[in-house]
Each structure stands twice: as C-alpha cells, then as structure tokens.
1. Based on other C-beta atoms within 10 Å, arrange A:PHE187, A:PHE43, A:PHE68 from fewest to most.
2. For A:LYS104, give me every one of the lysines with a C-alpha distance below 19 angstrom, ignoring sequence neighbours fewer than eight places off in its own chain.
3. What ranking of A:TYR245, B:TYR54, A:TYR199 emerges when the number of other C-beta atoms within 10 Å of each C-beta is taken as an exposure proxy, fewest first?
4. Ignore the peptide's own chain and count Cβ atoms of other chains within 10 Å of each Cβ in B:20-26; give me the average, rounded.
5. May I ask for log10 I(q)/I(0) of the range B:5-77 at q = 0.12, 0.14, 0.25 Å⁻¹, from a Debye sum over the Cα atoms as equal point scatterers with solvent left out?
6. Using alpha carbons only, what's the Rg to Rh ratio of the range A:150-214 with Rh from Kirkwood?
Amino acid sequence: MGLTYQSTGTAAFREEAFNFSADDKQPVIALAGNPNTGKSTLFNLLTGLRQHTGNWPGKTVLQSKGSFIHQGIKYTVVDLPGTYSLLANSIEEQVARDFICFAKPDVTVVVVDATCLERNLNFVLQVMEITNKVVVCVNLIDEARRKKIQVHTDKLRKMLGVPVASTAANIGEGIPKLLDLVSKVVFDKLKPKPVQIKYDKEIEEAVSKLEPKVIEALGSELNSRWVALRLLEGDTTLIQSLENYYGKQHLQTLQEVLA
Amino acid sequence: MCPTLNNIPVGCNALVKKINASGIKKRRLLDLGLVPGTKVEAVGRSPLGDPTAYNIRGAVIALRNEEASMVQVSKLGN
C-alpha cells in the first residue's frame with residue numbers, strides 16, 4: 001500500500017482504502033448489526049435505493065453506499081454486512097470491523113432486533129468498545145409489539161450510555177427520532193458515553209502495560225484500549241489490517257513488544 | 001459424562017454448561033450466544049447428519065459437528 005493514514009488524513013484514506021469518492025466531505029453513517037435485524041431495510045428507506053441484502057464481494061464496501069438529505073445536510077450511509085461479532089472470523093466480520101475501526105464513520109448505528117435483544121446486545125458492546133460515536137436503533141419494534149414484548153428504551157439508554165431510538169423501518173416508524181439522534185452525534189451536540197467493560201484484574205493489568213505502547217506506535221488514531229485487548233487475544237487479522245491501513249513501519253515497535 | 005451439543009436429538013432442548021475450547025474458537029461460540037446457562041434447541045439436521053441447525057437465543061444458526069462437540073450441555077428433554 002502506497003498511502004497510509006498518517007500521510008493523507010481521513011477523507012483521502014477512506015477514498016483509497018474503502019472506495020469513497022473524493023468529494024465525499026459529508027458525514028458518514030455506518031449501519032451495523034446482527035444478520036436479519038433490518039439494516040438493509042433501514043438503508044433502503046433512508047436512501048431510496050433498493051439494495052439487495054446478503055452477499056458481500058470480498059473487501060469492497062462500494063456497492064452498499066448511498067446518501068440522503070436530512071435538514072439540508074447530505075449524509076453518506078454505508079450498509080455493513082450483518083455479523084454476530086466483530087472479531088474477524090470471516091470476511092464479513094472483517095469488512096464490518098475494518099470499516100468501523102479504520103474508516104471511522106461519524107456515527108455507527110447499531111441496528112438490533114427488538115424481539116431478541118439479548119442476543120443482539122453482545123454486538124452492541126463490541127461496537128462500543130471500538131468507538132464512542134454509537135447510536136442504537138431498536139428495530140422491528142412493531143414485530144415486538146405483536147409478540148407483546150416491551151422495550152424500555154430509556155433504561156437501555158441509561159445502561160449502555162448511548163442514545164437509543166426504537167424504529168420499525170419497514171413502515172417508517174421512529175425514523176425522524178433516529179435521524180435526530182444521528183445528526184446530534186455527528187455534530188457533537190450529543191456525546192455518547194458508552195459504558196466500558198472492565199475485565200479481570202490480570203487482563204486489565206496487561207492492558208495498562210500494553211496500551212502506552214499502542215499509543216506510541218499508532219498515535220491516538222485508534223482506540224488504544226481496544227487494540228491492546230485484541231493484541232492480547234492474539235488476533236492476527238487485526239495486525240494484518242493494521243499493516244494494510246497504516247503501513248508496516250508503524251508497527252515495528254508493537255511487534256517488538258509482542259515478541 | 002456430560003453430553004455435548006452435537007449429541008442432542010432434533011426437537012430436544014439443552015442447557016449450555018461449558019465451552020470446551022479456547023482462544024478465538026471459544027470466543028466465536030460465545031459470540032453466537034452460546035454462553036453457559038443458555039437454552040438451545042436442535043431444530044433440524046441436514047441429510048448427512050452434519051451440520052445441525054440450532055435455535056440459539058432467537059436465531060437459528062447451523063453448526064458443524066466439530067463446533068457443536070465443543071459445547072458441553074445438560075439435556076432438558078423436549
């Protein structure tokens with residue numbers, strides 16, 4: 001890779017690594033979440049496109065990009081593949097993780113299924129570990145009502161520390177509220193404070209030792225705590241992605257530490 | 001002897017006890033929702049017996065025998 005993050009800056013970096021066109025100075029919103037939670041339905045509703053859900057060709061996110069205008073501002077939306085985790089076990093997970101991590105969307109909207117929140121919240125926590133700029137969208141709320149499931153969005157917001165909106169993307173319910181929250185987060189009028197997960201003492205100690213090295217190697221571009229945790233986990237795909245996006249030379253110190 | 005998830009007959013429920021794996025493999029199963037205490041139902045097996053579809057916390061997910069055998073469970077019956 002010729003260009004690296006440090007040498008270019010966010011816009012050009014996004015363009016080179018994620019196929020974003022150069023005039024894209026507009027805010028970027030990423031839609032992430034488990035499979036079948038309605039990300040693409042929401043995407044289609046927002047953009048007026050008819051993106052087919054499902055297959056993801058390799059590493060490109062070109063096909064899933066669209067835009068819409070809200071209160072006079074044009075936003076770019078990226079529909080990420082649905083995954084159960086962000087640990088890069090598969091291409092889809094890697095695409096989703098790399099996008100949230102390296103392309104730095106201005107907001108990541110985590111779309112969750114109101115009818116089985118429990119299984120979705122694990123993913124929300126994983127996203128919140130990477131970025132603060134998270135809005136949770138409790139989708140399929142109409143389906144939940146039918147099943148007599150009540151979602152206490154206020155409680156959820158307090159517990160997670162991020163804005164929560166409930167929607168039914170198929171009928172357009174709750175979308176204005178969601179967009180309102182999204183734009184507030186984009187323009188820093190609302191600052192989500194995601195709860196941070198505390199691990200066992202041993203892990204926390206190791207993280208506090210490793211984190212300064214991560215900052216030394218990568219600067220403050222990435223969430224150093226998250227990177228440290230992945231490195232401790234022995235996540236080789238992250239090292240590969242770091243090499244791809246940042247260039248090898250920045251990683252030498254890290255490699256030394258890990259060796 | 002505790003049975004593993006791949007031994008659960010179709011239509012039966014089981015409770016996850018423990019994941020007999022480590023590192024990224026374990027993490028993956030946990031991420032799919034297979035944490036201790038989770039109720040899992042075997043909903044269907046493919047003609048050749050592998051993979052099997054399980055209902056895990058509201059989503060139907062197919063697991064190979066290889067993966068399911070890492071999940072220690074206790075039988076709950078039908």
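Every number in this text was worked out from the coordinates using simple rules, so none of it is lab data. What you are looking at is a predicted structure, and each value in this text was computed from that prediction instead of being measured. So basically every Cβ, Gly included, is an ideal-geometry build from the backbone, and we count neighbours across all protein chains shown.
1. In order of increasing Cβ crowding within 10 Å: A:PHE187, A:PHE68, A:PHE43.
2. Output for A:LYS104: A:LYS25, A:LYS39, A:LYS59, A:LYS65, A:LYS74, A:LYS133, A:LYS184, A:LYS189, A:LYS191, A:LYS193.
3. A:TYR199, A:TYR245, B:TYR54
4. The shielding value for this peptide is 2.
5. Each listed q corresponds, in turn, to -0.25, -0.35, -1.18.
6. Reported Rg/Rh (Cα atoms, Kirkwood Rh): 1.17.
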